[in-house]
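The values are calculated or read from the model by the stated rules, or taken from the named source; none is laboratory data. These figures come from a predicted structure and were not determined experimentally. Please note: Cβ atoms are built from the backbone with ideal geometry, for glycine as well, and neighbour counts cover all protein chains shown.
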Amino acid sequence: NAGVTQTPKFRVLKTGQSMTLLCAQDMNHEYMYWYRQDPGMGLRLIHYSVGEGTTAKGEVPDGYNVSRLKKQNFLLGLESAAPSQTSVYFCASRVGTGGTYEQYFGPGTRLTVT
Amino acid sequence: GDSVTQMEGPVTLSEEAFLTINCTYTATGYPSLFWYVQYPGEGLQLLLKATKADDKGSNKGFEATYRKETTSFHLEKGSVQVSDSAVYFCALPPTGGSYIPTFGRGTSLIVHP
């Protein structure tokens, strides 16, 4: 049981390049989330999904797109990277209904845009 | 809307000192309450939780009691270790039909030998 995994762990991009971050979970969770974490800013929600084929915007969605084609995977795309997107990105998942709704986090992807 | 307020950090302590990290919240109803911990270079992980008023969550020597009257969930540990150095987040699950949890800004704890 790997929990939540993220690929890649590190990446350096040049301004204007594109990339996709992959999040995978093996817990059969319905809900998945993408956050970014910057010094002094806490966690900020980018996008989230409450089920396969559904996505919704969070607090800071501009410059990012997401897709949830399979229940276990949640992809975060940067179409044209900007230095302001330098951050650590975390994916999280949780059960949809029932339980106490704690989130399970991945180990993070550290992205630098030059 | 829901909100979580944590004390500002960093909190710097010597090994074996007593730790308190304050957390107060505003929420609809009486949701579960969580403390997450983030060790350097890692993702967040659940440290402890409480599901109803007066519940005490505990794990790894840390404790927090769900205080409905004061809307607080302060984190305490009687004797911290260097290995407790991390960032601690107080959090609420989604309430009132929302799908979005609420996290505090995080409190950094640094423990010196």
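Quick notes on this one:
- Residue tally, condition surrounded by fewer than 17 Cβ atoms within 10 Å (Cβ to Cβ), of a type in the set (D, E, K, R) and either in contact with an Asp or Glu (Cβ under 9 Å, 6 or more places away or on another chain) or in a strand (DSSP E or B) (or both), over segment B:68-93: 2
- Filter pass, A:TYR101 being at pLDDT below 95, within 12 Å of another protein chain (Cβ to nearest Cβ) and surrounded by 14 or more Cβ atoms within 10 Å (Cβ to Cβ): yes
- Applying the condition of being of a type in the set (Ser, Thr, Tyr) and within 12 Å of chain B (Cβ to nearest Cβ) to segment A:4-52 and asking which residue is surrounded by the most Cβ atoms within 10 Å (Cβ to Cβ) yields A:TYR35.
- Assessment of segment B:15-26 against the conditions (assigned to a loop (DSSP other than H, G, I, E, B), touching a residue at least 60 places away in the same chain (Cβ under 8 Å), over 30 Å from A:GLN6 (Cβ atoms) and polar (S, T, N, Q)) yields no matching residue.
- Those residues of segment A:1-54 which are in contact with a helix residue (DSSP H, G or I) (Cβ under 9 Å, 6 or more places away or on another chain) and not in a loop (DSSP other than H, G, I, E, B), in sequence order: A:LEU13, A:ARG36
- Qualifying residue in segment B:52-60 (condition: at pLDDT below 95 and of a type in the set (Gly, Ala, Ser)): yes
- For segment B:69-101, a residue qualifies if it is facing chain A (nearest Cβ under 10 Å) and within 16 Å of the chain's Cα centre (by Cα), and the qualifying residues are B:VAL87, B:PHE89, B:ALA91, B:LEU92, B:PRO93, B:PRO101.
- Checklist (1) surrounded by 17 or more Cβ atoms within 10 Å (Cβ to Cβ); (2) touching a residue at least 12 places away in the same chain (Cβ under 8 Å) applied to B:PRO40, failing item: (1)
- Qualifying residue in segment A:29-48 (condition: within 24 Å of B:VAL4 (Cβ to Cβ), in contact with a strand residue (DSSP E or B) (Cβ under 9 Å, 6 or more places away or on another chain) and among the polar types (S, T, N, Q)): yes
- Cross-chain or 6+ apart pairs with Cβ under 7 Å, segment A:53-67 first and more than 10 Å from chain B (Cβ to nearest Cβ), then acidic (Asp, Glu) and assigned to a loop (DSSP other than H, G, I, E, B): A:ASN65/A:GLU79
- Qualifying residue in segment B:15-27 (condition: within 30 Å of A:GLU59 (Cα to Cα) and over 13 Å from the mean Cα position of the chain (by Cα)): yes
- Taken together, A:VAL88, A:VAL95 contain a single residue that is under 11 Å from the mean Cα position of the chain (by Cα) and surrounded by 15 or more Cβ atoms within 10 Å (Cβ to Cβ), which is A:VAL88.
- Scanning segment B:36-58 for residues that are under 19 Å from B:VAL87 (Cα atoms), hydrophobic (A, V, I, L, M, F, W, C) and more than 9 Å from chain A (Cβ to nearest Cβ) yields a total of 3.
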